[in-house]
Amino acid sequence: IFFADYNKYFSKKIGFVEIKKMKMKHHLEFWIVKIYHLFVFVVIPIFMVGFLPWLLGFLLACFVAGFVLSIVFQLAHTVETTDFPMPDPQTHIMSDDFAKHQILTTSNFATKNFLINFLTGGLNFQVEHHLFPKVSHIHYPQISKIVKDTCSACGIRYNEYKNFFPSIKAHVRFLKALGQKD
């Protein structure tokens, strides 16, 4: 927010990948959003509550948001049932097509839990999120039924943990298994 975005903007790169030339409207959009963010999340709160309370609140909010986001990604990608395929060393091509790769490398969790679905913005439907990233998450429960049926018909494993705590346990078991390897 305070460094990486500007670094990408001025270097015109994301990592080693060059960003295509931006149109003037995109430059304006970038700066308007940055100024808006600065005022809404920094200037106005400091003015309203003072620097130290703002700093504590801002750090707490960043910590909570980061923690929740890390939990979502851990449960969606690093559990016992997800695959971690490597490309062919010679051709650098993945063995599975895009859709199958997304299904095998992601996992859903607690999909019947309204609160978790609400708080994660549907990211607990990670399989559907990866397959249909531009579809609103409110449709993921219906889409997941179709994806499950299609996976079953095609003999593809559909990764899902019905509840939150079994997915946590699967993540911990996965980490333990990683710790046991050479």
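The values are calculated or read from the model by the stated rules, or taken from the named source; none is laboratory data. Note that the coordinates shown come from a computational prediction; the quantities given were computed from them, not determined experimentally. Because the Cβ atoms are built from the backbone with ideal geometry, glycine has one as well, and the counts that use them run over all protein chains shown. Note: areas computed on protein heavy atoms with side chains; ligands, DNA, RNA excluded. Shrake-Rupley method; radii C 1.70, N 1.55, O 1.52, S 1.80 Å.
Below is a table of values for the structure above.
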| read-out | value |
| --- | --- |
| Most to least packed among 100-110, 20-30, 51-61 [average Cβ atoms within 10 Å] | 100-110, 51-61, 20-30 |
| Carbon and sulfur %, accessible surface of region 52-182 computed with the full protein complex present, 1.4 Å | 68 |
| Inter-label distance for LYS34 and PHE132, nm, one decimal - labels placed 7 Å from Cα along Cα-to-Cβ | 3.7 |
| Dipole of the chain, positive direction: furthest Cα of VAL172, GLN102, PHE63, with charges on the beta-carbon | PHE63 |
| Overall form of region 1-56 per C-alpha gyration tensor (a/c, 1.5; a/b vs b/c) | oblate |
| GNM top mover of ASN159, ASN113, ASN124 - the chain, alpha-carbon springs below 10 Å | ASN113 |
| Part-to-part distance (alpha-carbon centres) for region 32-91 and region 130-156, which is given in Å | 27 |
| Difference of contour (0.36 nm per residue) and Cα-Cα distance, ASN7 to PHE58 | 16.2 nm |
| q = 0.09 Å⁻¹: log10 I(q)/I(0) that the Debye formula gives for the chain, counting C-alpha atoms only | -0.50 |
| In range of the label at LEU175: residues from region 76-112 whose backbone nitrogen is under 20 Å from the point 7 Å along Cα→Cβ | 76-84, 106-110 |
| Charge dipole (debye, nearest 20) of the chain; +1 at Cβ of Lys and Arg, -1 at Cβ of Asp and Glu | 340 |
| Mean separation of Cα contacts under 8 Å (6+ apart) over length of region 20-150, as relative contact order % | 15 |
| Three-way shape label, region 78-182, alpha-carbon gyration tensor, a/c 1.5 | oblate |
| Residue-averaged [θ]222 nm for the chain, counting only DSSP H segments that reach four residues, each worth -39500 (n - 2.57) | -18500 deg cm²/dmol |
